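Working notes, beginning with the structure itself.
The values are calculated or read from the model by the stated rules, or taken from the named source; none is laboratory data. None of the values given here were measured: they were computed from a predicted structure. All Cβ positions, glycine included, derive from the backbone under ideal geometry; neighbour counts span all protein chains shown.
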Amino acid sequence: MPMPTCKVCGGRFGLIELRDGMCRSCRDAAKERTRFEEDERERRLVDAGLVADVSPRILDEKSAHVILTTGLSVPGREIASILSIVGAEAAVGMNIFRDIANNWVDTLGGRSGSVQKTLKEARETAMRELKREAFLVGADAVISVDIDYNQVSTSGGSGGSILFVAATGTAVKLDS
């Protein structure tokens with residue numbers, strides 16, 4: 001009985017190794033091609049201003065050039081026009097175990113690594129979202145960025161809270 005062959009590369013493989021008539025490496029290559037084609041389609045949609053169905057990863061890629069600054073200007077660049085006020089928020093839940101650890105830190109003193117890590121993640125998320133929002137309105141930069149932090153208890157004192165980070169700023173178009 002002849003061994004089955006991959007319909008793409010023509011290699012001979014055992015029956016168990018073939019799926020959909022393809023060997024593993026040909027299947028992986030086909031998946032990679034499909035992923036690349038989907039990314040290219042999404043990039044074209046973004047370039048055309050159609051972003052409703054675009055993945056956050058592609059928006060992050062396209063908005064990476066947006067400059068964020070707390071200053072009133074971008075050094076070495078002139079502001080051509082003010083486009084809009086933009087904002088982004090990130091809400092991160094603190095679970096009961098983190099809250100218990102934080103209560104010990106409150107009582108004994110010291111720094112809470114888990115809260116600092118959570119705040120950093122929330123701030124980075126808010127900054128990434130702010131860049132996306134600015135990109136979507138056609139901005140090159142966001143000036144006067146303000147970051148605010150807040151906490152809300154979610155369970156009436158029995159543990160559990162949500163940390164909020166909000167970032168706002170003025171989206172501007174810069175001269176070339």
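Remarks
- Conditions (1) of a type in the set (Asp, Glu); (2) loosely packed, with under 15 Cβ neighbours inside 10 Å; (3) at pLDDT 95 or above; number of the one not met by Asp140: (2)
- Residue match in the range 103-122 (condition: modelled with pLDDT of 80 or more, aliphatic (A, V, I, L, M) and surrounded by 15 or more Cβ atoms within 10 Å (Cβ to Cβ)): yes
Yes/no per residue for (1) of a type in the set (D, E, K, R); (2) over 30 Å from Lys173 (Cβ atoms); (3) not assigned by TED's automatic domain parsing to the domain that holds Gly138:
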residue: Pro2; (1), (2), (3): no, yes, yes
residue: Phe13; (1), (2), (3): no, yes, yes
residue: Leu18; (1), (2), (3): no, yes, yes
residue: Arg27; (1), (2), (3): yes, yes, yes
residue: Lys31; (1), (2), (3): yes, yes, yes
residue: Phe36; (1), (2), (3): no, yes, yes
residue: Arg44; (1), (2), (3): yes, no, yes
residue: Ala48; (1), (2), (3): no, no, yes
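- Odd one out for Leu50, checked against (1) farther than 26 Å from Ile162 by Cα; (2) modelled with pLDDT under 90; (3) of a type outside the set (Gly, Ala, Ser); (4) surrounded by 16 or more Cβ atoms within 10 Å (Cβ to Cβ): (4)
- Breaking point among (1) within 30 Å of Lys117 (Cβ to Cβ); (2) at pLDDT 85 or above; (3) out of contact with any strand residue (DSSP E or B) (no Cβ under 8 Å at 6 or more places or on another chain), for Ile58: (2)
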